[in-house]
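The values are calculated or read from the model by the stated rules, or taken from the named source; none is laboratory data. For clarity, every value in this text was computed on a predicted model and none was experimentally measured. Note that we place each Cβ from the backbone using ideal geometry, even for glycine, and neighbour counts take in every protein chain shown. For the accessible areas, the whole protein counts, side chains as well, though only heavy atoms, and no ligand, DNA or RNA atoms are used. Shrake-Rupley method; radii C 1.70, N 1.55, O 1.52, S 1.80 Å.
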Amino acid sequence: MKINRCILLIIAVCCYTSISAQDTVQQKKFTVTGYISSLQSATFDSIQKNWVTENLIHNRLNFKWFPSTNLSGALEVRNRLAFGENIKLNPNAASDYKKDYGLLNLTTNVFQGNSYLLNTSVDRFWLAYEKEKWKITLGRQRINWSQTWVWNPNDIFNTYSFFDFDYAERPGSDALRVQYNNSEVSITELAIKMNSQKQVTAAGYYKFNKWNYDFQLLGGVLNQTDYLIGAGWSGAIKRLAFRGEMSYFRPINHFSDTTGLFLASVAFDYTLGNSLTFMAEFLYCSHVATNLENFQTFYSAPLTVKNLSFVKYNLLLQATYPITPLLSGTLAGMYFPPIQGYYVGPSLIYSVSDNIEFSFFLQSFGAHIKNELGEKQKIRFNMVFLRAKFSF
């Protein structure tokens, strides 16, 4: 409870300090940005059957602090008011919102009822010191070592779900990160984080440029349970963008009697003269840790880098096209061959102005999976979203 009060006190103090600082015309030592959105959703197996609805009011506040040339800080907060049938019918909804996987518990349900809850979460809270070629960052931050877009075997610190389109900022980690710029095209990093289970992930990272490609190498320990090594690249074959990444995990306690886990993703994207962009991405998992009983479980479960998918082979195809200067459309599709599974996700985004947009998203899933009795059954479910968003 003390931590929850501290969160609210920090937000209140930062709001007051930041607004006061912006009102003065002196040096801009504080900045405030953010957005507020309303996301209406409906989930159903068939359009003719029962719909489960939910509304999510999502507010984000980003506070940045620049006390000197070398020092900076950030506090970024998510406030989510969720209400509707999905909250009422899901007995785990309140506890799922309240989960915080960092070392510090900076997430709380301010209040909740049978069919509503208000959740506040601090997902960025860091201080950074920069001097010459060095940068040291301490606190809750995002450490992004990924090269591909959908599945990220190199994202060992804070994995995210491709399906969670309403969380563009992605999760952060409670970590210490040291970066050294060897040159304009080369950087060395060391990072260490601790999660809510007091498990440590520590790794080193080296990125360099060769033959007009960016290459990266990494290695370390994941959650004190696995050794890991990884590599990635990003470049182009003429006008075709070509990128990929791979990681290998081997359990520390069973190092000699296991084959480990190998993950690899490869992606291509190409843009035509009319701005129509095509993207393809493939993921391979040497073995799957997830026991898939239904898509809803996978959709809402927190991902780890070792649990990026529930099948060995995964394929995504996506096309994006600016229909007008204000309206853009995307059509994405995934195929999961081992379970005859699919995902289809069309979306439309209409920008009324620089800071106001309206969006439509459809996510449709289907597959053949085994039930608790080992019998194969066909499952499917659909989710429709309408979102209005104002940024400031």
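With each run of n ≥ 4 DSSP H residues scored as -39500 (n - 2.57), what mean residue ellipticity at 222 nm is computed for the chain after dividing by its residue count and rounding to the nearest 500 deg cm²/dmol?
The per-residue figure over the chain is -3000 deg cm²/dmol.
List the chymotrypsin sites (Phe, Trp or Tyr not before Pro) within region 37-98 that DSSP assigns to loop and that have no more than 16 neighbouring Cβ atoms inside 10 Å.
For chymotrypsin sites (Phe, Trp or Tyr not before Pro) across region 37-98 that sit outside H, G, I, E and B with at most 16 neighbouring Cβ atoms in 10 Å, the list reads Trp51.
Run through region 124-207 and list the chymotrypsin sites (Phe, Trp or Tyr not before Pro) located in a DSSP loop whose Cβ has at most 12 other Cβ atoms within 10 Å.
Taking region 124-207 and a limit of 12 other Cβ atoms within 10 Å, no loop chymotrypsin sites (Phe, Trp or Tyr not before Pro) are found.
Where in the chain lies the longest segment free of trypsin sites (Lys or Arg not before Pro) that are both loop residues by DSSP (not H, G, I, E, B) and have at most 13 other Cβ atoms within 10 Å?
Counting at most 13 other Cβ atoms within 10 Å as exposed, the longest clean stretch of the chain is 240-392.
Please list Asp354, Asp214, Asp257, Asp269 in order of solvent-accessible area, largest first, computed with a 1.4 Å probe with all protein chains present.
From most accessible down to least: Asp354, Asp257, Asp214, Asp269.
Pop a pseudo-label 7 angstrom from the Cα along the beta-carbon direction at both Phe165 and Gln340 and give the gap in nm to one decimal.
That separation, rounded to one decimal, is 2.8 nm.
I need the calculated FRET efficiency for the pair Tyr116 and Tyr227, taking r as the beta carbon distance and R₀ as 45 Å, to the nearest 0.05.
0.50
Starting from 0.36 nm per residue, how many nanometres of slack lie between Leu71 and Leu89 once their C-alpha separation is accounted for?
Length difference between fully extended and current span is 1.8 nm.
Give me a comma-separated list of calculated 3J(HN,Hα) values for region 197-208, in order, Karplus coefficients 6.51, -1.76, 1.60 applied at θ = phi - 60°, integers in Hz, x for any Gly or Pro.
3J(HN,Hα) across region 197-208, in whole Hz: 8, 6, 8, 9, 10, 9, 7, x, 9, 9, 10, 8.
Jot down the per residue volume, in cubic angstrom and as a whole number, of the convex hull over the alpha-carbon atoms of the chain.
Enclosed volume per residue, from the Cα hull, is 177 Å³.
Can you list the GluC sites (Glu not before Pro) in region 92-171 that are in a DSSP coil and have 13 or fewer other beta carbons within 10 angstrom?
Within region 92-171, the qualifying GluC sites (Glu not before Pro) (loop, at most 13 other Cβ atoms within 10 Å) are Glu132, Glu169.
Calculate what fraction, in whole %, of the accessible area of the chain sits on carbon and sulfur atoms when a 1.4 Å probe is rolled over the protein chains.
Whole-percent figure for carbon plus sulfur exposure: 60.
Leaving out same-chain residues fewer than 8 places away, which lysines sit with a Cα under 24 Å from that of Lys131?
Straight-distance partners of Lys131: Lys28, Lys29, Lys64, Lys193, Lys207.
Excluding Lys64 itself, what net charge comes from residues whose Cβ is under 15 Å from its Cβ, given Lys and Arg +1 and Asp and Glu -1?
+2
Could you sort Leu283, Leu317 by accessible area so the largest value comes first, with the probe set to 1.4 Å?
Leu317, Leu283
Kindly report the accessible area of region 162-297 per residue (heavy atoms of protein chains, probe 1.4 Å, no ligands, DNA or RNA), in Å².
Ligands and nucleic acids excluded, the result is 52 Å² per residue.
Principal axis lengths of region 35-112 from Cα atoms, whole Å, largest first?
If we take the Cα atoms of region 35-112, the spans are 60, 25, 21 Å.
Can you give the accessible area of Met246 in Å² (nearest 10), computed on protein heavy atoms with a 1.4 Å probe?
70 Å²
Just need the Rg to Rh number for region 150-299, please, alpha carbons only, Kirkwood Rh.
We get a ratio of 0.99 for region 150-299.
For the charge dipole of region 322-385, defined by +1 on Lys and Arg C-beta atoms and -1 on Asp and Glu C-beta atoms about the Cα centroid, which residue among Tyr350, Ile369, Phe381 has the Cα displaced farthest towards the positive pole?
Ile369
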